[in-house]
Amino acid sequence: MAVIRLGLAVLVGSACSGSGTSPATTPPTTPTTPTTPSAPAIPAIGDASVIDMATWNLEWFGDPANGPSNETQQAANIRAAIAAADLDLWAVQEVVSASAFRSLVGALPGYGGVLANEPAVTGGAASYSDFNDAEQKVGLLFKNTVASVIGARVILTERDFDFAGRPPVEFRVRVTLGGVVDTLPVIVLHAKAGSDAASYARRATAATALKLWVEQTYPAQPVWILGDFNDDMDTSITAGQPSPYAAIVADTLRWRVPTRALSDARQTTTVSFTDAIDHHVVTRPAGLRYLPLSARVWRLDSLIPNYRTTTTDHYPVVARYRTK
C-alpha cells in the first residue's frame, strides 16, 4: 500500500559571535541535524480493477486572499492526498489560480489535468476568464495510465446566472481499464451557494435545466455529474424546502444518486456544516455500474493536521464504478 507522508523540515542553523577569545581556544560548534516532525501517513484508497472517481472542493485554491492563508502548504497537502489516494478521476472545484493548478498537475507524476478556462475547453475562455485569477473554476484531474480527456465544453451557458457564473463543464473522458476502452461523459458542477430563498431558487432552476440537458443530449447513455451541489439530496439546506434536486432523486427510471446514502446516514461532506452537499449524480446506465456501498466521505481531517486551516473546508467524496 502506497503512502505519502506530510511534513515540513525544520532547519536549525547556528551563528558564532565574537567575544575576544582567541580562535584557537574557541570550542568547536556541534552541527545541529535538521529534523522532520512525525506526520500521519495517507494511505492509497484506489482499486485498480474499477474506476475510482472523486469530487473535491479545494476552497479558493491559489487565492492568497481567501481560504487557507498558506498557499504553499495548501498545495502540498492537496498534492500529497491526490498522489497517495491513487484514484482515476478527480473532479475539482474552487480553483482560482490557473498557474497554481498547472503547478499542481506538474507535481503529480502520472496525472494530467484540464481547467475550465483552458483552450482545450470549448467556450471555456468565454465563461471562465483566462486572465481573471479571482474567479472560481472547475476542473478535472485524471490518471494518465487509465484516462485521457478527448473533449471538453462548457454547457448551459444561457443559465449562467442560475449557476452563479460557474456553468458546468462536460469532459469526455476515454478510459482504458482491463482491456476495455470506454468514453465517459463527466460533468463537473459547482452550484450556487447559500441557504437564502433566492439562492435556493437559482439552484432549483439550474437543477431542472441540467436534468433536461442530460436527458436530451444522452437519452440512454451513462453520464456522471460530480461536484459541489451546495445542497443536500434528502431535504434542502434552506429551511422548509425540499431538495432542489428532488426531481432527479425521484426519477429512478433515468437517474441514480450513489451518494444519497451519505445524506441518509447524516454524514457531512464539509468541515463546518452537517449536510452532505458534495455528490455523485449519475444517469441510470452509469448507476448500474456503481459498486454498491462504495460511496464514502474521505475524512482527511484525521490524516492531515489542522486540515480546515491548511487544506480546505470540504472532504473528498469517493465512489467506484465498473467498466462497461
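Only the coordinates and a few stated rules stand behind these numbers; no lab work does. Remember, it's a predicted structure, so these values are computed and weren't measured experimentally. Cβ atoms come from the backbone with ideal geometry, glycine included; neighbour counts cover every protein chain shown.
Would you look at the GNM of the chain, springs on alpha carbons closer than 10 Å, and say which of Leu115, Leu189, Leu300 moves the most?
Between Leu115, Leu189, Leu300, it is Leu300 that shows the largest mean-square fluctuation.
Between Phe273 and Thr323, what is the spin-label point distance in nm, taking each point 7 Å from the Cα along the Cα→C-beta axis?
3.8 nm
Take the chain, connect every pair of alpha-carbon atoms lying under 10 Å apart with a spring to form a Gaussian network, then pick out the residue of Tyr218, Tyr245, Tyr290 with the largest mean-square fluctuation.
Greatest mean-square fluctuation among the candidates belongs to Tyr218.
Ordered by residue, what ³J(HN,Hα) values in Hz, to whole numbers, does region 70-87 give under the Karplus form 6.51 cos²θ - 1.76 cosθ + 1.60, where θ = phi - 60° and Gly and Pro are x?
Per-residue couplings from phi come out as 9, 5, 5, 5, 4, 4, 5, 5, 5, 4, 4, 5, 5, 5, 6, 4, 6, 9 Hz.
If you take the Cα Rg of region 58-213 and divide it by 2.2 N^0.38 Å, with N the number of residues, what do you get?
1.06
Whose amide H sits under 5 Å from the amide H of Val138, counting only residues 5 or more places off or on another chain, with H placed in the peptide plane?
Under 5 Å from the amide H of Val138: Ala116.
What residue among Asp251, Asp313, Asp228 has the largest mean-square fluctuation in a Gaussian network model of the chain, using Cα springs under 10 Å?
Among Asp251, Asp313, Asp228, the largest GNM mean-square fluctuation belongs to Asp251.
Any chance you could run the full-extension gain for Ile150 through Ala125? It's 0.36 nm times the residue separation minus the Cα-Cα distance, nm to one decimal.
Between Ile150 and Ala125, full extension yields an extra 7.2 nm.
What lysines sit close enough to Lys137 to cross-link, taking a C-alpha to C-alpha distance under 26 Å and skipping anything fewer than 8 places away on the same chain?
Lys192, Lys211
Rounded if a/c is under 1.5, else prolate if a/b is larger than b/c, else oblate: which is region 229-277, with a ≥ b ≥ c the root eigenvalues of its Cα gyration tensor?
oblate
Computed from these coordinates, which is Rg and Dmax of the Cα atoms in Å: (1) 22.4, 90; (2) 19.8, 65; (3) 19.0, 55?
(1)
With +1 assigned to the C-beta of every Lys and Arg and -1 to the C-beta of every Asp and Glu, and no other charges, what is the dipole magnitude of region 36-316 about the Cα centre in debye, to the nearest 20?
Here the size comes out at about 560 debye.
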